[in-house]
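**Q** Pasting a structure below so you can have a look.
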Amino acid sequence: MSDVLQRLQARTTVDPATGCWTWTGGTDRSGYGRLSIGGKMRATHRLAYAILGREDLDDALVLHHDCRNRRCWNPHHLEQVTSAQNTRLGDGPTARHARATHCPQRHPYTAENTRMARGRRHCRTCHRDRLRRNRARVSSCRTANARQ
Ligand SMILES: [Zn+2]
Ligand SMILES: [Zn+2]
């Protein structure tokens, strides 16, 4: 396996600020580093973890990048988690949404202020504001005497 490490190191830049070992070779469509081993494409961070990681690589688990750098294969930046945990830890829209405690307008996502729709949270205050704005726009289009 040491030749795998040499191949990894040959195409890696170390970022002194973050400590990331950033793979500069090919990546898959999701942006994870890829290396061909015996004709099979393997994820570079999984290869590195199998060699250098703190625990044995479990195929049922996914490797979460603490550094959010998908090309990074520094085992200190990797953590084995379930895929559900990874979604929550990651920075995709689902994860950002689950982490957020406030809507983009800074209204808190409290029980009273939150409406669930299609698995997402919606802010009731914003919803009311939108309705009010729409109503105001409609009424301003009418003549003033319509409102007394
Ligand atoms: Zn990293
Ligand atoms: Zn809001």
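Each value in this text was obtained by applying a stated rule to the coordinates, not by laboratory testing. Since the structure is predicted, the reported quantities are computational estimates derived from the model, not experimental observations. Positions of Cβ are generated from backbone atoms using ideal geometry, with glycine treated the same way; all protein chains shown enter the neighbour counts.
**Q** Mind counting the residues in region 76-86 that are touching a residue at least 24 places away in the same chain (Cβ under 8 Å) and buried (at least 18 other Cβ atoms within 10 Å of the Cβ)?
**A** Of all residues in region 76-86, those touching a residue at least 24 places away in the same chain (Cβ under 8 Å) come to 76-78, 80, 86.
Filter once more, keeping what is buried (at least 18 other Cβ atoms within 10 Å of the Cβ): 77-78, 80, 86.
Going through region 76-86 one residue at a time, the tally reaches 4.
**Q** Does any residue in region 2-29 that is under 15 Å from R46 (Cβ atoms) come within less than 6 Å, Cβ to Cβ, of a residue that is of a type in the set (S, T, N, Q) and part of a strand (DSSP E or B) six or more places away or on a different chain, and which pairs are these?
**A** What qualifies is W21/T12; W23/T12.
**Q** Counting only residues that are assigned to a strand (DSSP E or B) and in contact (Cβ under 8 Å) with a residue 24 or more places away in the chain, which one in region 31-54 is surrounded by the most Cβ atoms within 10 Å (Cβ to Cβ)? If you could, list the steps in order and put the result at the bottom.
**A** Of region 31-54, the ones assigned to a strand (DSSP E or B) are 33-37, 40-43.
Pick out the ones that are also in contact (Cβ under 8 Å) with a residue 24 or more places away in the chain and you get 33, 35, 37.
Values: G33: 27, L35: 20, I37: 13.
Result: G33.
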